[in-house]
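The values are calculated or read from the model by the stated rules, or taken from the named source; none is laboratory data. As the structure is a prediction and not an experimental result, all values here were calculated from the model. Here the Cβ is made from the backbone with ideal geometry for all residues, glycine too, and neighbour counts use every protein chain on show.
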Amino acid sequence: MTEGGSLSSALVVGTGLIGTSLALALRRRDIRVLLTDRDPGAVRLASELGAGEPWDGAERADVAVIAVPPQFVADQLLELQKNEAARFYTDVASVKALPIAQAAVLGCDLSVFVAGHPLAGREKSGPGAARADLFLGRPWALCPTIESGPRAREAVSELVALCGANAVTVGPEEHDRAVAVISHAPHVTAAAVAARLAEAPDTALGLSGQGVRDVTRIAAGDPGLWTGILSGNATPVAEVLEAVAADLKLAAQSLREFAIDGTPMDEVTDLLRRGVTGTGRIPGKHGGPARTYAVVQVVIGDRPGELARLFQVAEQAGVSIEDVRLEHVPGLPLGAVELSVQPEAAETFATALRAQGWQLQG
């Protein structure tokens, strides 16, 4: 570390999606990054992408980031500390209580360790999927223990800031209960829906649209990686899944009764209403309250530069695009783009698009 305490070097252990993305983010800030992984090919690819240089096992970094599955964090921390690989240590695993407990049992020095978890990711894996901007504006949970020293907390907080994320201090157990609700159980639920598609008839798949893609997107994650994650947070995830299963069972019973004798589907309606309420509680842009945007639907050709033309119209009209969704039309070189904008800007944007010859839907 420099005399002022600022980080100047980092060791990234594990060059998968998160580790390589973190390394790329640090390189953008001129931090010297050393890379290591049990797979030499992953290190080589990450290096070729500009994420850093292979670690020789001797150089000591300011901070070591352990980017391995949860079940390996404690062993990796112990090995690094035995080799005095860094002054301070953190990890990015999505489970916190178990690795911390395991590290304590192994006798790791927890005074220089602050557990962490960036709430960012993609359904793709590996260094080739890494992005330097993956953490921008995203929450990054920090779970210091009572043993974590102030300098370790400062160093890891600085690391988070260098990646463009927002540090959120939370207890390990509270963190694990939270991610069970917002990440782990949703992944299993998405997998359950996607599993129905494995044996679905081709006719059904041919009719699939953006809705099923939205629901099942995260189910494409690596099963081996996710089994490790879920095993480290088994009880909180099981509790959420049991609650989801209970809701689905009531909804199924209600639908059956309606089909038999027309009994009102009160349980289904209640579930749908609670779903709307829950969706509305998801934080909006910049972590503020969720906002309702107007959607402008535009027909777009499957040609290079079409999206850029759309964005240019928005810029000329002074309209900020808050979100974009693109859906291709099967069998045709066309697509439909849903552009979310502030409600008060929707008509202005639509008028500008029509004036430029764009065809709008709805």
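So the values come out like this:
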quantity	calculated
Which numbered condition Glu59 misses (of (1) over 21 Å from the mean Cα position of the chain (by Cα); (2) within 24 Å of Gly164 (Cα to Cα); (3) among the charged types (D, E, K, R))	(2)
1 or more residues at pLDDT 95 or above and more than 29 Å from Gln81 (Cα to Cα): qualifying helices (runs of 4 or more DSSP H) within the stretch 110-227	172-179, 185-197
In the stretch 288-319, the residues that are surrounded by 13 or more Cβ atoms within 10 Å (Cβ to Cβ) and either in contact with a His (Cβ under 9 Å, 6 or more places away or on another chain) or of a type in the set (S, T, N, Q) (or both)	Gln297
Glu267 being of a type outside the set (Gly, Ala, Ser), in a helix (DSSP H, G or I) and either touching a Ser or Thr at 6+ places or on another chain (Cβ under 7 Å) or not assigned by TED's automatic domain parsing to the domain that holds Ala190 (or both)	yes
From Ala130, Ala141, Ala104, residue being within 14 Å of Gly19 (Cβ to Cβ) and among the small types (Gly, Ala, Ser)	Ala130
Tabulated pairs, the stretch 248-259, first without any contact (Cβ under 8 Å) to a residue 12 or more places away in the chain, second of a type outside the set (Asp, Glu), C-beta under 7 angstrom, 6+ apart or interchain	Glu257/Thr263; Phe258/Met265
Residue among Phe72, Phe88 that alone is assigned by TED's automatic domain parsing to the domain that holds Glu158, part of a helix (DSSP H, G or I) and crowded, with 18+ Cβ neighbours inside 10 Å	Phe72
Selected residue [surrounded by 14 or more Cβ atoms within 10 Å (Cβ to Cβ), assigned by TED's automatic domain parsing to the domain that holds Ala104, of a type in the set (Gly, Ala, Ser) and under 19 Å from the mean Cα position of the chain (by Cα)] from Gly149, Gly164	Gly164
Matching entry among Arg138, Arg131, Arg153 (being within 17 Å of Leu26 (Cβ to Cβ) and without any contact (Cβ under 8 Å) to a residue 40 or more places away in the chain)	Arg138
Selected residue [hydroxyl-bearing (Ser, Thr, Tyr) and surrounded by fewer than 12 Cβ atoms within 10 Å (Cβ to Cβ)] from Thr279, Thr269	Thr279
Filter pass, Arg217 being over 26 Å from Lys96 (Cα atoms), of a type in the set (Lys, Arg) and under 20 Å from the mean Cα position of the chain (by Cα)	no
Test result for Leu22, closer than 30 Å to Ala234 by Cβ and either in a strand (DSSP E or B) or not polar (S, T, N, Q) (or both)	yes
Condition met for Thr36 (β-branched (Val, Ile, Thr), farther than 18 Å from Glu158 by Cα and at pLDDT 95 or above)	yes
Selection status of Pro172, touching a helix residue (DSSP H, G or I) at 6+ places or on another chain (Cβ under 6 Å), touching a residue at least 24 places away in the same chain (Cβ under 8 Å) and surrounded by fewer than 21 Cβ atoms within 10 Å (Cβ to Cβ)	yes
Boolean, Arg44 is assigned to a helix (DSSP H, G or I), out of contact with any Pro (no Cβ under 7 Å at 6 or more places or on another chain) and farther than 18 Å from Ala161 by Cβ	yes
Boolean, Thr277 is hydroxyl-bearing (Ser, Thr, Tyr) and in contact with a helix residue (DSSP H, G or I) (Cβ under 9 Å, 6 or more places away or on another chain)	no
Any hit, the stretch 94-103, residues being surrounded by fewer than 21 Cβ atoms within 10 Å (Cβ to Cβ) and part of a loop (DSSP other than H, G, I, E, B)	no
Residues of the stretch 144-186 classified as touching a strand residue (DSSP E or B) at 6+ places or on another chain (Cβ under 7 Å), small (Gly, Ala, Ser) and farther than 13 Å from Leu22 by Cα, total	6
